[in-house]
1. Can you give the extra length, in nm with one decimal, that the chain gains between S114 and N91 once fully stretched, where that is 0.36 nm per residue apart less the Cα-Cα distance?
2. So which GluC sites (Glu not before Pro) in the stretch 249-303 end up in coil per DSSP with only 12 or fewer other C-beta atoms within 10 Å?
3. Under 23 Å between alpha carbons, and skipping anything fewer than 8 positions from K409 in its own chain: which lysines qualify?
4. What's the ranking of 447-457, 85-95 by average number of surrounding C-beta atoms within 10 Å, highest first?
5. Can you find, among G211, L21, V127, the residue sitting farthest towards the positive end of the charge dipole of the chain, where Lys and Arg contribute +1 and Asp and Glu -1 at Cβ?
6. Over what distance in Å are the Cα centres of the stretch 208-236 and the stretch 553-615 separated?
7. Loop only per DSSP, at most 16 neighbouring Cβ atoms within 10 Å: give me the chymotrypsin sites (Phe, Trp or Tyr not before Pro) in the stretch 236-294, ordered by residue number.
8. Under 5 Å between amide H atoms, partner at least 5 residues away or on a different chain: which partners does G357 have, H built in plane at 1.01 Å?
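Please treat every number below as a calculation from the coordinates, not as lab data. Bear in mind the structure is a predicted one, so any value in this text is a computation, not a measurement. A quick note on method: Cβ atoms are made from the backbone with ideal geometry, for glycine too, and the neighbour counts reach across all protein chains shown.
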Amino acid sequence: MCGIVGYIGKKNAYPVILTGLRHLEYRGYDSAGIALFSDGIKVHKKKGRVSDLEKFIEGKDVSGTIGIGHTRWATHGEPSDANAHPHATENGDVAVVHNGIIENALTLRSFLQSRGHVFSSETDTEVIAHLIEEMENEKSKSFFDSVRRALNRLVGAYAIAALSVREPGTMVVAKKGSPLVIGVGEGEFFVASDAYPISEHTKKVVYLEDGEVAALTASGIVEIRTIENEKRTPRVKKIDLEIEALEKDGFDHFMQKEIFEQPCAVRDCLRGRLSVPPKKAPVLNLGGLRDVEEKLFSAERFVFLGCGTSWHAGLIGRRFFETLTRVPSIVQYASEFRYEDPLVRDTDVFVAVSQSGETADTLAAMKLAKERGATVLGVCNVVGSSVAREAHAGLYTHAGPEIGVASTKAFTTQIAALFLIAARCAEKRNALGPRRFGELLETLRGIPEKIGDVLGREERIRDIAERFGETKNAVYLGRGISFPVALEGALKLKEISYVHAEGYPAAEMKHGPIALVDENMPVVIVAPRGEHHEKIVSNAEEIRARKGKIIAVVSEGDASFDSIAEDVIEIPECDELFSPFLSVIPLQLLAYYVAALRGCDVDRPRNLAKSVTVE
Ligand code: G6P
């Protein structure tokens, strides 16, 4: 949520920052801006996309070898030119870009106004620029010190990059609760909200820790201190990322590309972790869990935390864990958990699920669980992210960069990683016989190929999407392990096509929602073969009797919906426990085509951001 980019070195900063902003647009895209240092600080900012900013800047002076840039997702103040970052003081001496929320902004604003500062935006961020200037006026010993002292007055979350005319060769950056990475080049430094925009320039990075402030010049990291002024030593890490992974490879949208990457992504998630030696039992090797094995294998409860799609993955994870280990498991919205004064025991194992690893609510919830004595695992995609660093242990999903705001391959790899952990716990607890254990892992190994099979039915799903027409509402139904899949299908549709969609447990329909059904209502029913299959067929009959238009996702060869549904999409036969890996694919494709055919901006849907780093 909001992307920050910075450059300091010998090159012209503008193209480096502009390219970086394009890579970070998934974090927010309602306005963008840039501040360049050459003969004072020059700020250019504009409502709209990074491409609008680029047009706006055409013909203007973009010289300067130091600069900061920002792509915004509005929190305080509507998207507008004035509210776009960077925010500068009236005299233009200090400029700041910020990701996060300053909770005491109003109090600080009144204080600063009483000191004569004039504000030109409605944002919380502008407070930071004025506060830094206030500290500069109080004669801090350096610009770095002014920023550090200003940060001491802030309550809330931030990642910032700041410039001041007082020290033209210095950029100061800081982080607390929002991500910030420093790329270390030869005589140059890059700053960004995640490592991708940096990876095309250098593979050496420093992940700032919460509460750290750093001063950068072209010749080095001058210093890193905590906001309380304790000295810290930078820890340089190597990253393994290729910027090419961010291209669309001939697909129309990143979402489409990412849907089609799922066989490969799930394979990458299993690689090295699941092996099936010839004529021997499958072997699980989950190195990421080593440090917590004792706690994990004796856990008395598993608690899954997440938001959005990751919460849906948690719902499926819960089912995997309970079925395989028979240990009670629950799922919590991370945003709700933290405010419930939750009961946490030291025999609990929490599993925080997050694609970005930066979702503010998920991070705060896992911190609370840790404080209260639980063991916390992280299942996330972005290497080096805050969730990964905060967790006691965990697994990366290895899905590769996910750019489309609507999560797809993150979901299937999250459930793959959760299955691996559940299976390992079940193995250690002797909760499954060796035969069942072997069968399950063999099935898991075959899942990527089966996902490929479903993707081969793309044309048929496109046809169904065409017939969705101008529908404004849809219902998604499932039972048991297919219910979270229905929720995920409904979420995909509403987030990218703006069609109102609800997911329900199929049998709940008759307790109210069935009143909505008429001949115009598409009802997507997720009904792979399984234990209670005949029950969902009966629920479908109830819908049909009210003239609802049924689209059924069923197992290959299942004819039970032929006379009830308008459209039937088949998925390969598999153990019901694994069906979410396959049944979610047609729902992703359906949402994608409905949105694309309506001309919606699939990768950048309105009002959303890929990574939500505010509460
Ligand atoms: C945002 C995204 C969703 C995502 C959710 C959780 O709302 O738009 O696609 O599922 O955040 O994000 P996380 O990175 O924690 O999985």
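1. Difference between extended and current length: 6.5 nm.
2. E300
3. K248, K257, K450, K492, K494, K610
4. Top to bottom by mean Cβ count within 10 Å: 85-95, 447-457.
5. Of G211, L21, V127, it is G211.
6. Going from one Cα centre to the other spans 46 Å.
7. F251
8. Distant-sequence amide H within range of G357: N381, V382.
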